[in-house]
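What follows draws every value from the coordinates through simple rules; no lab data is involved. Just so we're clear, the structure is a prediction, and the values are computed from it rather than from any experiment. A quick note on method: Cβ atoms are made from the backbone with ideal geometry, for glycine too, and the neighbour counts reach across all protein chains shown.
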Amino acid sequence: MLREKLSNYHLILASGSPRRQQFFKDLDVPFSIRLKEVEEIYPQELKGIEITDFLADLKSKPFDSSLTEKDLLITSDTIVWFENEALGKPKNPKDAFDMLEKLSGKKHQVITSVSIKSKKFQIIINDTTDVYFKELTSSEINYYIKNHQPFDKAGGYGIQEWIGFIGIDRIEGSYFNVMGLPVHKLYKELMQL
């Protein structure tokens, strides 16, 4: 369905995330991957959705001069929002441990924003999912970090990995949003183009 809808466009995914790339394959749309380095710095006064909206837009800016009439550029950003603080990707095992220890036994939010940009327009959509962790033991956290190396994941975990199986009591909202892309919302927007 989406393939026909987007037949006049050349879809570009500007993400190195294997999960986001797989989502696009599973949506059965032809796309190419183009990556440009962006320093992900945002104004400190931004909160929650404002951060991910800002970063999704920031990641699209290096492509502005090279977009053609047929191009449709998708950029995205995900954060874990916990107690009024954004948790990004852990820098090392200690950082990952500290993040997971903070999240243990508590609720946090996973927020993802997606920018859909062409030469003529830009739409930014976002989604928020509440995630509830059980109390995690130090040995569970260490086992996960050692075996899954979650250094490319906001908040230091992947819901689709071992820690998600054993540690997440429940979620309210989109599972796929927690994986890094609110596919249902992106599909809806692309179908409306």
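Can you find a residue in the stretch 156-172 that is touching a His at 6+ places or on another chain (Cβ under 8 Å), within 30 Å of Q192 (Cα to Cα) and surrounded by fewer than 16 Cβ atoms within 10 Å (Cβ to Cβ)?
no
Out of L58, L46, report the one residue that is surrounded by fewer than 20 Cβ atoms within 10 Å (Cβ to Cβ), in a loop (DSSP other than H, G, I, E, B) and of a type in the set (A, V, I, L, M, F, W, C).
Of the residues listed, the single one that is surrounded by fewer than 20 Cβ atoms within 10 Å (Cβ to Cβ), in a loop (DSSP other than H, G, I, E, B) and of a type in the set (A, V, I, L, M, F, W, C) is L46.
Cβ contacts < 7 Å: first residue on the phi < 0 side of the Ramachandran plot, restricted to the stretch 75-90; second residue charged (D, E, K, R) and surrounded by 20 or more Cβ atoms within 10 Å (Cβ to Cβ), any location; separation 6+ or different chain. Result?
Once the first residue is on the phi < 0 side of the Ramachandran plot and sits in the stretch 75-90, its partners that are charged (D, E, K, R) and surrounded by 20 or more Cβ atoms within 10 Å (Cβ to Cβ) give T75/K59; S76/R20; D77/K59; K89/K153.
Write out, first by first residue and then by second, each pair whose Cβ atoms fall under 7 Å of each other, whose residues are 6+ apart or on separate chains, and whose first residue, in the stretch 11-31, is more than 15 Å from S115 (Cα to Cα) while the second is small (G, A, S) and surrounded by fewer than 19 Cβ atoms within 10 Å (Cβ to Cβ).
none
What do you reckon, is I171 more than 30 Å from D64 (Cβ to Cβ), under 17 Å from the mean Cα position of the chain (by Cα) and part of a strand (DSSP E or B)?
So I171 fits the description; yes.
So D26 ticks every box in (1) surrounded by 12 or more Cβ atoms within 10 Å (Cβ to Cβ); (2) closer than 19 Å to Y187 by Cα but one. Which box is left unticked?
(1)
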